[in-house]
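Please read the structure below before turning to the comments.
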Amino acid sequence: MAPQLDEVASPAHTALLTMELQRAVVGDLATMTELRDVAEDVGVVPNAVRLADTARAVGVRVVHCCATFRSDLFGSAANNRLLAMSHRLNGKEMAEGAPGADLVPELGSDPRDVVISRLHGLTPFTSTSLDQMLRNAEIRTIVTVGCSLNIGLIGMVLSASDLGYQVVVVSDAVAGVPRAYGEAVLEHSMPMVATVVSTDELLTVWD
């Protein structure tokens, strides 16, 4: 029998991971406006804020996985179309210290939150301290929110699964483009490797 959500996402061993909820991705400085618009329609940021606020209140660690670049792009290979486009559109906007690299302000600033930025690649577990920090904190489940269902979130979920974590994907706090594609990923791909729930369903467990 599959474990129940209250077991999988128990605050005692769960972390909430936000994926690229940054101003240049889904905020006021967004360069890929179609993704920002879909995220707004879905309610990604407001639902992520609800989850983060509750997570902090019940002892679930909030970890922000951010994408940034060096101002000279050193160390970030443009070895595929997506990264080449990111360099062109976001190389300056998401450079270290640039406003676009900041988290959207709605998430607030909590000293307990952890921010892990990567300077290369497409996913947050590869060649960062994310996995080791979670293991050291005895985290066994990650809850994922953010963008996007096209590439980054798929990579995050698959990497986490390969590393042995249970994964929960919050369906109304993630987005992809076009919207129909993101919905198809949630319907056909994510349930094979993760538990897919709504914000309200997860908050019922955490509350």
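The values are calculated or read from the model by the stated rules, or taken from the named source; none is laboratory data. The model shown is predicted, which means the values in this text are computed figures rather than measured ones. Cβ: placed from backbone, ideal geometry, glycine included. Neighbour counts: every protein chain shown.
Listed values, structure above:
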item	result
Among the residues listed as V49, V26, V60, V44, the single one being surrounded by 22 or more Cβ atoms within 10 Å (Cβ to Cβ), of a type in the set (V, I, T), farther than 20 Å from I154 by Cα and modelled with pLDDT of 95 or more	V60
Segment 96-107 residues that are within 15 Å of A52 (Cβ to Cβ), paired with ones that are modelled with pLDDT under 95 and of a type outside the set (F, W, Y) (beta carbon under 9 Å, 6 or more apart)	L103/S109
Test for V185: is it of a type outside the set (S, T, Y), buried (at least 17 other Cβ atoms within 10 Å of the Cβ), at pLDDT 95 or above and farther than 23 Å from R23 by Cα	yes
Residues that are assigned to a helix (DSSP H, G or I), more than 11 Å from the chain's Cα centre (by Cα) and within 19 Å of D131 (Cα to Cα), drawn from segment 144-198	L158, S159, A160, S161, D162, V193
Sole exception among (1) out of contact with any helix residue (DSSP H, G or I) (no Cβ under 9 Å at 6 or more places or on another chain); (2) crowded, with 22+ Cβ neighbours inside 10 Å for T33, by number	(2)
Residue match in segment 65-72 (condition: surrounded by 14 or more Cβ atoms within 10 Å (Cβ to Cβ) and in contact with a Pro (Cβ under 7 Å, 6 or more places away or on another chain))	yes
Neighbours by Cβ (under 7 Å, 6+ apart or cross-chain): first from segment 109-120, closer than 17 Å to M133 by Cβ; second polar (S, T, N, Q) and surrounded by fewer than 16 Cβ atoms within 10 Å (Cβ to Cβ)	I116/S129
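This table checks each residue for (1) over 19 Å from E40 (Cα atoms); (2) surrounded by 15 or more Cβ atoms within 10 Å (Cβ to Cβ); (3) of a type in the set (D, E).
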| position | (1), (2), (3) |
| --- | --- |
| P105 | no, no, no |
| S109 | yes, no, no |
| V115 | yes, no, no |
| L119 | yes, yes, no |
| F125 | yes, yes, no |
| Q132 | yes, no, no |
| R135 | yes, no, no |
| G152 | no, yes, no |
